[in-house]
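I have placed the structure first, in the form of structure tokens, so that the comments after it can refer back to it.
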Amino acid sequence: YGAPGVELAGLHKEMATVTQLHFLPGQGWLLSLLDDNTLHLWEVCQKDGCSHLEETRSFGLPGRPGSDSSNCSPGITRVTVVLPTSACTVACLGTEGGAVYFLTLPTLVLLEEKTLFPDEILQSVPDDYRCGKALGPVESIQEHPQDSSRLLIGYSRGLVVLWEQSTRLVQHLFLGNQQLESLAWEQSGKSIISSHSDGGYMVWAVSSTGQKTQQPVMSTIPYGMGAKRGQLGGEGQQSWGSEGAREQFLGTGVVQLGEKEAQGRPSGSLQLPERRLQPALFQTKQFNDSVSSAVPACPLQVLVMELSDEKSEHAVSVATVDLLQDREGFTWKGHDRLAPRNGPLLFPPGFQPSVLVQCVPPAAVTAVTLHSEWNLVAFGTSHGFGLFDYYRRNPVLARCTLHPNDSLAMEGPLSRVKSLKKSLRQSFRRIRKSRVSGKKRLNTSSPSSKVQEANAQLAEQAGPPEVEMTPVQRRIEPRSADDSLSGVVRCLYFADTFLRDAAHHGPTMWAGTNSGSVFAYALEVPSQEKFSERAVEAVLGKEIQLMHRAPVVAIAVLDGRGNPLPEPYEVSRDLAKAPDMQGSHSMLISSEEQFKVFTLPKVSAKTKFKLTAHEGCRVRKVALVSLASASSEERLENCLACLTNLGDIHIFTVPGLRPQVHYGCIRKEDISGIASCVFTKHGQGFYLISPSEFERFSLSARNVTEPLCRLD
């Protein structure tokens, strides 16, 4: 990794762990050591105008583990230390047995006559220090900062030797008795520092030739017993002097890794444009011991932020939206909403909070979308959805989506654990039912089975015959209307389209729920000149119920040419083509089990595709993506990308919903990876591979994830 866009990758032929990496400064070379005791040289090579990392040579010491020609214990020649010299002509290898070997660079040829065995060092060690004990493995090799012919060699037992390569003489002995971990030179070469297994370090003076030093000039244990190499943590950090030392410490966080000229092409690179620490917006509450630690103290809020080049001190506006205002008989029994801090707060340049919207009842936000041209933000929870005008700072709409029997949702998140057994029972019932119905369909010769099949087709609300009879589609099991969490809002969508009639288009908002319900609202949005004079109004235009009550994953409107509606902001800035408002629009609804296209404004079914339901396949994430040809940016194809719970990605045409290709992308056992996956509109995607790492992939032949860079 280097400057933005500079990223090279290589893969060893051997399936072994990489234990060490070493740059050869200014050469475009990299040394890697594997746990099979082999050393590999990588070179930055030019090909087709781009740089690539290629393995050019490898080397293994005689007697390495697994070698048939070994005449000694395999561990004796296990490499513990690698030091490329500053001239990049030789690499020094320290080993488990205490020997030091020398290799030419970049050819990786062993210089046998230069090998330094521990017996040669022991000849210069006093008898009272030797005591019949071995020196142990080589723990560190450091080149003299002023004279590259002299090497500092440290052994595990604690002995440190200053070795002159050309004369093969021991110039200085440092007779340490504490197990050695690492060594470092002071820049002038007049002293060295050794660190040890007890968490301490020692400073030794380097004097004239032929000296033997018994005691260091300073010895201290700053971190307490048991600190290991590379570990700076625990109690030691807490005893670090003044706050000024801590600023000093943070100031060393930026390191320049190289001086080579590097260029990266933006198409393959990722850059972090903004990262800010914001002041705390809420007053936290202390819970007494009688309250369970699992009580959620921070339900999510909706926070609208604006980009500013300057710091600002202001109070954040707070508004509440009651999602139960139109429903009687529901009483919230869960936790209270968080209390925002009063008064102005100081915000650094960047994204600054302008308004905070809190839901009543307080609950995690399950869906959110924003339309900056209309100054509207829509949000959903497990209780319903709301629409908020962040310019006038007032609610526009609140709609409760709870089923009359769903009293569980009113008791807070903790009580939902109680519904787990019920959900499992329902799942097993559906599985058993599907297996039984599957066995019944095997006997197709009896008259009764044909009647059952006809009834099943009617129950499934069959679409066009050619779509219904495709062999890859399977029966979808209906879901109960009173399933727990049926009111959870899964998706929200803004669109300028035809909802009231076919002659007039206008702003709309769409919401999809866990129970297969879709709500469409026509919006009266004033012109920008009259934002401050007139309020936004919302009127329910359509209410759709999917027959099988599968959760609605996504909603999208297609224009008269069958293309997805572009981002309004991009159209207003001439960054995208305006949509076709002459032809009739259509709407794509993606549920967990099928995709369906409806005509607008009549909302009549046009075509559909059902994923395999009997094999446990469910839609988890979908996106409309625009895939450009590798040969020409002008050639675009709009597709529907779908990630399933099995970790597979399927590509369909739009609006025809014809299957194109499918790939295995994420392991089906990686539930968090599948849940975190997002698509970009140009066919790339990201998902978490750990709580702090993400993987990047691409479905596009043009926008590949392989970094294309050049090192001069």
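The values are calculated or read from the model by the stated rules, or taken from the named source; none is laboratory data. This structure is a prediction, so every number in the text was calculated from the model and none was measured. Ideal geometry is used to build each Cβ from the backbone, glycine not excepted, and the neighbour counts take in all protein chains shown. Just the protein is used for accessible areas: all its heavy atoms, side chains included, with ligands, DNA and RNA removed. Shrake-Rupley method; radii C 1.70, N 1.55, O 1.52, S 1.80 Å.
Against the definition (open to solvent by less than 20 Å² (accessible area, probe 1.4 Å), assigned by the TED database to the domain that holds Thr513 and modelled with pLDDT under 90), how does Ala319 come out, yes or no? Spelling it out, it is not the case that Ala319 is open to solvent by less than 20 Å² (accessible area, probe 1.4 Å), assigned by the TED database to the domain that holds Thr513 and modelled with pLDDT under 90. No other residue among Arg500, Arg561 is closer than 25 Å to His682 by Cα and assigned to a loop (DSSP other than H, G, I, E, B) apart from Arg561.
Okay, residues lined up against (1) without any contact (Cβ under 8 Å) to a residue 24 or more places away in the chain; (2) assigned to a loop (DSSP other than H, G, I, E, B):
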site	(1), (2)
Val557	no, no
Pro566	yes, yes
Leu575	yes, yes
Ser584	no, yes
Ile589	no, no
Val597	no, no
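Residues of segment 1-35 that are under 23 Å from Val90 (Cβ atoms) and surrounded by 17 or more Cβ atoms within 10 Å (Cβ to Cβ): Leu24, Gly28, Trp29, Leu30, Leu31, Ser32, Leu33, Leu34. Scanning segment 122-160 for residues that are within 29 Å of Phe23 (Cβ to Cβ) and either of a type in the set (Lys, Arg) or over 48 Å from the mean Cα position of the chain (by Cα) (or both) yields a count of 1.
Scanning segment 503-520 for residues that are buried (at least 22 other Cβ atoms within 10 Å of the Cβ), of a type in the set (Ser, Thr, Tyr) and in a strand (DSSP E or B) turns up Thr508, Thr513. Of all residues in segment 589-616, those satisfying the criterion of being modelled with pLDDT under 90 and over 17 Å from Gln660 (Cβ atoms) are Ala613, His614, Glu615, Gly616.
The conditions of being assigned to a helix (DSSP H, G or I) and either at pLDDT 95 or above or open to solvent by 20 Å² or more (accessible area, probe 1.4 Å) (or both) are not met by Gln461. In segment 36-62, the residues that are touching a residue at least 40 places away in the same chain (Cβ under 8 Å) and open to solvent by 50 Å² or more (accessible area, probe 1.4 Å) form Cβ pairs under 8 Å with partners that are among the hydrophobic types (A, V, I, L, M, F, W, C) and not in a strand (DSSP E or B), at six or more places apart or across chains, as follows: His52/Leu8; Arg57/Leu108; Ser58/Leu108. Step by step: first the residues of segment 125-143, then only those that are hydrophobic (A, V, I, L, M, F, W, C) and touching a Phe, Trp or Tyr at 6+ places or on another chain (Cβ under 7 Å), then the one that is modelled with the highest pLDDT. Which residue is that? The extreme case among them is Val138. Evaluation of Thr331 against the conditions (1) closer than 21 Å to Arg393 by Cα; (2) of a type in the set (Val, Ile, Thr); (3) not assigned by the TED database to the domain that holds Val304 shows that the sole unmet condition is (1). Scanning segment 617-659 for residues that are assigned to a loop (DSSP other than H, G, I, E, B) and of a type in the set (A, V, I, L, M, F, W, C), we see that the one that is nearest to Ser676 (Cα to Cα) is Leu646.
In the same structural domain as Trp204 (by the TED database) and either touching a residue at least 60 places away in the same chain (Cβ under 8 Å) or in contact with a helix residue (DSSP H, G or I) (Cβ under 6 Å, 6 or more places away or on another chain) (or both), is that true of Glu143? Criteria met by Glu143.
In segment 657-674, the count of residues that are open to solvent by 30 Å² or more (accessible area, probe 1.4 Å), closer than 28 Å to Arg500 by Cα and outside the structural domain of Cys491 (by the TED database) is zero. Could you please give the count of residues in segment 85-126 that are part of a loop (DSSP other than H, G, I, E, B), open to solvent by 60 Å² or more (accessible area, probe 1.4 Å), under 24 Å from Gly158 (Cα atoms) and not aromatic (Phe, Trp, Tyr)? Going through segment 85-126 one residue at a time, the tally reaches 2. Reported count of residues in segment 141-157, each being open to solvent by 10 Å² or more (accessible area, probe 1.4 Å) and either over 17 Å from Ile76 (Cα atoms) or in a strand (DSSP E or B) (or both), is 9. The set of residues in segment 206-223 being at pLDDT 80 or above, touching a strand residue (DSSP E or B) at 6+ places or on another chain (Cβ under 7 Å), assigned to a loop (DSSP other than H, G, I, E, B) and over 18 Å from Asp128 (Cα atoms) consists of Val206, Pro216, Val217.
Against the definition (aliphatic (A, V, I, L, M) and open to solvent by 40 Å² or more (accessible area, probe 1.4 Å)), how does Ala605 come out, yes or no? Here the answer is yes, as Ala605 does meet what is asked. Whenever a residue of segment 355-374 is touching a residue at least 24 places away in the same chain (Cβ under 8 Å) and under 24 Å from Tyr569 (Cβ atoms), its partners that are hydroxyl-bearing (Ser, Thr, Tyr) and outside any loop (DSSP other than H, G, I, E, B), lying with C-beta atoms within less than 6 angstrom and at least six residues away or across chains, give the pairs Val355/Ser317; Ser372/Tyr569. On the stretch given as segment 158-175, residues that are under 18 Å from Ala205 (Cβ atoms) and open to solvent by 10 Å² or more (accessible area, probe 1.4 Å) total 2. Quick one: in segment 331-354, of everything that is assigned to a loop (DSSP other than H, G, I, E, B), at pLDDT below 85 and open to solvent by less than 40 Å² (accessible area, probe 1.4 Å), which residue is nearest to Ala315 (Cα to Cα)? Of everything passing the filter in segment 331-354, Leu338 is nearest to Ala315 (Cα to Cα).
Kindly list the number of the only condition in (1) open to solvent by less than 80 Å² (accessible area, probe 1.4 Å); (2) closer than 25 Å to Leu575 by Cβ that fails for Glu634. Here Glu634 clears every test but (1).
Go through segment 612-624 and give me each residue that's in contact (Cβ under 8 Å) with a residue 40 or more places away in the chain, open to solvent by 10 Å² or more (accessible area, probe 1.4 Å) and within 31 Å of the chain's Cα centre (by Cα).
Thr612, Ala613, Glu615, Arg620, Lys621, Val622, Ala623, Leu624
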